[in-house]
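Below is one structure, written out as structure tokens; comments come after it.
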Amino acid sequence: MDNSLIRCKRVTKEDYEKVMAIIPPSEIYNGGDYLPDYFHMLIDMPNNEMYAAVIGDKFVGFTLKTTIDNGRNVVTRAVRVSKKYAGKGIAGIMSEWMDIGGPLYRPEVIWHKFTANRTHSPLLQLTDRGIHMKTSEQDFVFYDTDKTTLQIKYNVIKKKNQSLKAEYIDVNMLGQVLASTDHKQYLFPEDEIVADYVPYMAITSNAPLIVSKRTAVVVSDFDCPQRTILSISNFYQAPIGMIFVFNVYGCLSDNIKEHLIFHFAKFLCRSMSEYIVLRGISSKGTHWDVFG
């Protein structure tokens, strides 16, 4: 199609309905789309910028740009294209906006990264063909549960294991963990920490970007780096129900079940749907039997 017909427009809060109309959220990620619930939170964060591909006065594409790693890297996510324009190169055009000569080009950016689901995104097909370089791949494991079950399990764990050395930590403590060479070699051996689908370098300056009002960070056995477990979670209301996304780092010891139940307890007092999806994310090849 004629690329000159497509304009790049900075999205504002007033554009919410236009963005949601690009494609029904219930049809994105099998009903697990986070953008409807996250939109206003993300647009208020200083390291996020939203852009739309516009033809005439109609939004036909959307992309979210997240700046991380002291401004050196930008992550593109939440990409969507109208069904009417699917297969016509809109996603590719939006990705080129950051190239030299594009409307979003920034010379200080070293890497332009994409996050995508292998099942649904053509971007990962391009990595298979060598057009893009794949830097990391993670496994998703899904668990369906309900609020009542989580509450019961938490009460059982609380009574059974009073010795669990787990605590919620704030953004300042997370910054200290990211600065600790003793812990980083066990928690983040690849010098990367993924939170809410965004791959950050494990550096202190990223801590305020990782922790939002939807984030909880829990650490167990902090005094013993070889046994330390660190988990990061975020949650959102999707068309199919409440979704918790959690990344786990460190030693998957016998305490992992208790650690995660303690982690989930922070959300049990919140107003939420009874149906809950737990979406666990780990390095590719991790054995999840310990979570059973």
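If the condition is being open to solvent by less than 10 Å² (accessible area, probe 1.4 Å) and hydroxyl-bearing (Ser, Thr, Tyr), then the range 46-81 contributes THR63, THR66, THR76.
The number of residues in the range 89-101 being hydrophobic (A, V, I, L, M, F, W, C) and in contact (Cβ under 8 Å) with a residue 40 or more places away in the chain comes to 4.
Which members of the range 211-237 meet the condition of being open to solvent by 10 Å² or more (accessible area, probe 1.4 Å) and either within 30 Å of GLU27 (Cα to Cα) or within 19 Å of the chain's Cα centre (by Cα) (or both)? Step through it out loud before you land on a result.
Restricting attention to the range 211-237, the residues satisfying the condition of being open to solvent by 10 Å² or more (accessible area, probe 1.4 Å) are 211-215, 221-227, 235, 237.
Passing the criteria: VAL211, SER212, LYS213, ARG214, THR215, PHE235, GLN237.
The set of residues in the range 238-254 being open to solvent by less than 40 Å² (accessible area, probe 1.4 Å) and over 22 Å from the mean Cα position of the chain (by Cα) consists of SER253 alone. Count of the range 174-206 residues, restricted to those that are open to solvent by 60 Å² or more (accessible area, probe 1.4 Å), of a type outside the set (S, T, N, Q) and touching a residue at least 24 places away in the same chain (Cβ under 8 Å), is 4.
Table: residues versus (1) farther than 30 Å from ASN206 by Cβ; (2) of a type in the set (Lys, Arg); (3) part of a strand (DSSP E or B); (4) without any contact (Cβ under 8 Å) to a residue 60 or more places away in the chain.
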| position | (1), (2), (3), (4) |
| --- | --- |
| ALA53 | no, no, yes, yes |
| GLY71 | no, no, no, yes |
| THR76 | no, no, yes, yes |
| GLY87 | yes, no, no, yes |
| PRO103 | no, no, no, no |
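Within the range 179-196, can one find any residue that is over 16 Å from ASN47 (Cβ atoms) and basic (Lys, Arg)? The answer is yes; a qualifying residue exists. Elements of the type strands (runs of 3 or more DSSP E) sitting completely within the range 162-265 and holding at least 3 residues that are under 27 Å from PHE39 (Cα atoms): these cover 192-195, 198-201, 216-220, 229-238, 241-250.
Within the range 17-45, residues that are more than 15 Å from PHE235 (Cβ to Cβ) and open to solvent by less than 60 Å² (accessible area, probe 1.4 Å) sit with their Cβ atoms under 8 Å from residues that are of a type in the set (Ser, Thr, Tyr) and not in a helix (DSSP H, G or I), at 6+ positions apart or across chains, in these pairs: ILE22/SER82; ILE23/SER82; ILE43/THR12; MET45/SER212.
Within the range 32-44, does at least one residue satisfy the condition of being over 30 Å from SER205 (Cα atoms), out of contact with any helix residue (DSSP H, G or I) (no Cβ under 7 Å at 6 or more places or on another chain) and assigned to a helix (DSSP H, G or I)? Within the range 32-44, none of the residues are over 30 Å from SER205 (Cα atoms), out of contact with any helix residue (DSSP H, G or I) (no Cβ under 7 Å at 6 or more places or on another chain) and assigned to a helix (DSSP H, G or I).
The values are calculated or read from the model by the stated rules, or taken from the named source; none is laboratory data. Everything quoted here is computed from the prediction, not taken from an experiment. Note that we place each Cβ from the backbone using ideal geometry, even for glycine, and neighbour counts take in every protein chain shown. For accessibility, only protein heavy atoms count, side chains too; no ligands or nucleic acids. Shrake-Rupley method; radii C 1.70, N 1.55, O 1.52, S 1.80 Å.
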